[in-house]
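A short reminder: the numbers here are calculations on the coordinates, not readings from a lab. Worth saying up front: this structure is predicted, and the values here are computed from it rather than measured. Positions of Cβ are backbone-derived with ideal geometry, glycine not excepted, and every protein chain shown enters the neighbour counts.
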Amino acid sequence: MLRNLPSVEVLLRSSIAQKLLLQTGETHTVALMRKVIDEIRRDIAENSRGVHTKDSLLTVAEERLTAAWQSEQMAGVRRVINATGVVIHTNLGRAPLSENARRALSDEASGYCTLEYDLETGKRGARGLKAENLLAELAGAESVLIVNNCAAAAFFVLTVFASGGEVIISRGELVEIGGDFRVPDVLTQSGATLREVGTTNRTKLADYEKAINDKTRLILRVHPSNYKIVGFTATPTISELADLSDRHNLLIYEDIGSGALVDLSGVGLDDEPVVANSIAAGVDVVTFSGDKLLGGPQSGIIAGKRDLIDRLRKHPLYRALRVDKLIYAALEATLEQHRRGTAATEVPVLNMLSATPAALEKRTLSFIESLSGKPDERFSIEPIPGNSAIGGGAGPMSGPPTTLIALSHKTMTAATLEKSLRNASPPVIARIAGARLLLDLRTVSAAEERELYEILTRLFAAPGSQNLSGWQID
Ligand SMILES: *Cc1c(COP(=O)(O)O)cnc(C)c1O
């Protein structure tokens, strides 16, 4: 039977191989074919029952070649529809960019651009100046520097201002933000010595004061972001800490994390520190992410006193942490929307967060209504009350209320439904709760809603299909 296996030459003549040649080139097509033929040879050796003709083995090889290519196509960065209701979903790329930011990326920054060029003088210009100025204005800070992400910002600040000395931090703030960002580890990496004070739930100003000695460089305040201590708690205000550090000639640095530029308590985010408030309270340096509540691209913002920011800018490490033209372009466009006061409608993260429960319920009901008659009686599709999530380490307690689409099937499990949607094109990412699949329209844009409608229609027409993509090799 092994003699009936197709050769590379024979398989190369199949129509799928011909299409692959065009799409991925000869070297990789042949490599994929060898892999597929080897797999079939192994399968036959392990299980010699059954009859395999030349024709049937060629068909098997073609099918497996298609499957291998299809699974390669799933890898890499692909657009998805986020129906999880988690607004800042780190695994799904955090903040979706605004239309203006997308346009700036492709139209202004993807070719030659004024990254370090001044059009007025025709001479070399300052990199990132516009985004830095916009941020300084919005944060009320003297100066701003932009690096790769907030982890880089924290590491940079601690390395430059605290290396070789002691950093005082409350035991309640020795947190892990997720994805390997642990405050004690960042401190160790930066060459600073951690000086813990207080207890997990209560730290007083006097605890900080007692720990100050001639090795102390800096007082660190970290916003615990994804975790909250409630009950019998105490912690000095940021102004008290700023005054203390001032009296002792120390620096005070606050890692604010998600970086709300304005007060978001109106959309249920009561505990998010506002960048400008910390700066106004006298904090020397504040760091936060560009792709959380700011709603821009991945970046880390360092805002603070001019002399300190200048020292960072001149430090050799800055070269290793700086961002590229695509990031500046997307940030500038996003920040202009903040400055104009249109961010709440135009920046997707803020727009999604401000969707009211009533508006979400209405939208969800009419979406379900539009599908009426499509699913047969084996499906159940109904609106249920639930909660979205902020994600990205913001508002751990405050999942804003929403209306979810609960989908289930008499014989198919929620896991099967979830996989069908995940394999669709574009892939739809949903949540599973018990026997039901839950979809939250809060994180689905109007354009994506139409795509979701098409995908669900295909699912109802061919339940169990693992190919809802209309996916074809050409
Ligand atoms: C999210 C977060 C970070 C890490 O930010 P990245 O931009 O993901 O590097 C650091 N500190 C705090 C307080 C955060 O919330």
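Using Cβ point charges alone (K and R +1, D and E -1), the dipole size of the range 339-443 about the Cα centre works out to roughly 240 debye. Pairs of Cα atoms nearer than 8 Å and 6+ residues apart set the relative contact order; for the range 1-69 it is 54 percent. Let me know the shape class of the range 223-289, please: from the alpha-carbon gyration tensor, a ≥ b ≥ c as square roots of the eigenvalues, rounded when a/c is under 1.5, otherwise prolate if a/b is greater than b/c, or oblate. Since a/c reaches 1.5 but b/c is at least a/b, the shape of the range 223-289 is classed as oblate.
So for Arg42, Arg442, Arg3, fewest C-beta neighbours within 10 Å to most, what's the order? Numbers along the way, then the final one.
Details: Arg42 10, Arg442 27, Arg3 5.
Ranking Arg42, Arg442, Arg3 by Cβ neighbours within 10 Å, fewest first, gives Arg3, Arg42, Arg442.
In the chain, the DSSP beta bridges split such that about 60 percent are antiparallel, to the nearest 5.
Here's the picture: charge each Lys and Arg Cβ at +1 and each Asp and Glu Cβ at -1 in the chain, and of Ser420, Asn226, Leu97 the one pushed furthest to the positive end of that dipole is Ser420. State whether the range 112-183 is rounded, prolate or oblate according to the following rule on the C-alpha gyration tensor (a ≥ b ≥ c being the square roots of its eigenvalues): a/c under 1.5 gives rounded; otherwise a/b larger than b/c gives prolate, and the remaining case gives oblate. Judged from the Cα gyration tensor, the range 112-183 comes out prolate (a/c at least 1.5, a/b above b/c). Just add up the charged neighbours of Arg378: K/R +1, D/E -1, any other residue whose Cβ is under 15 Å from the Cβ of Arg378. That sum, taken over residues with Cβ under 15 Å, equals 0.
Taking packing as the residue-averaged number of other Cβ atoms within 10 angstrom, the listed peptides 335-344, 321-330 run from highest to lowest as 321-330, 335-344. A P(r) calculated from all alpha carbon pairs of the chain, with 20 Å bins opening at zero, reads 21, 42, 30, 8, 0 percent. Amide H to amide H distances under 5 Å link Ala389 with Val86, Val87, where only residues 5 or more positions off or on other chains count and H is placed in the peptide plane. The range 31-58 and the range 278-318 have Cα centres lying 59 Å from one another. Within the straight-line cut-off of under 16 Å between alpha carbons, the aspartates and glutamates reachable from Lys210 are Glu166, Glu196, Glu240, Asp243, Asp246, sequence neighbours fewer than 8 places apart in one chain being disregarded.
For the range 58-120, state which trypsin sites (Lys or Arg not before Pro) are in a DSSP loop and have at most 13 other beta carbons lying within 10 Å of their beta carbon.
Details: sites: Arg64, Arg78, Arg79, Arg94, Arg102, Arg103; in loops: Arg78, Arg79.
Passing both the DSSP loop test and the Cβ count: Arg78, Arg79.
Each Cα pair under 8 Å and six or more residues apart adds its sequence gap; the mean of these over the residue count of the chain is a relative contact order of 18 percent.
How would the range 330-434 be classified by its alpha-carbon gyration tensor: rounded, prolate or oblate, with rounded meaning a/c under 1.5 and the a/b versus b/c comparison settling the rest? Note, shape of the range 330-434 comes out prolate.
Within 10 Å, Cβ to Cβ, of Gly296, how many net charges do the neighbouring residues add up to if Lys/Arg are +1 and Asp/Glu are -1? Intermediate results must be reported in sequence, preceding the final value.
Working: positive: Arg94, Lys292; negative: Asp291, Glu332.
So the surrounding residues net to 0.
Return the subset of Lys123/Lys325; Lys130/Lys215; Lys123/Lys314; Lys130/Lys228 for which the Cα-Cα distance in this structure is over 27 Å, preserving the input order. Listed pairs above 27 Å: Lys130/Lys215; Lys130/Lys228. Under the criterion of Cα pairs below 8 Å and six or more residues apart, the relative contact order for the range 300-413 equals 19 percent.
Computed per residue of the chain from DSSP H runs no shorter than four, each worth -39500 (n - 2.57), the mean residue ellipticity at 222 nm is -12000 deg cm²/dmol.
Sorted by packing (mean other beta-carbon atoms within 10 Å per residue), highest first, where do 150-163, 186-199 land? Don't jump to the answer; show the numbers that get you there.
Values: 150-163: 22.2, 186-199: 17.7.
So the peptides 150-163, 186-199, ranked by packing, come out 150-163, 186-199.
Under a Cβ-only charge scheme (Lys and Arg +1, Asp and Glu -1), can you give me the dipole magnitude of the chain about the Cα centre, in debye to the nearest 20? Computed about the Cα centre, the dipole is about 940 debye.
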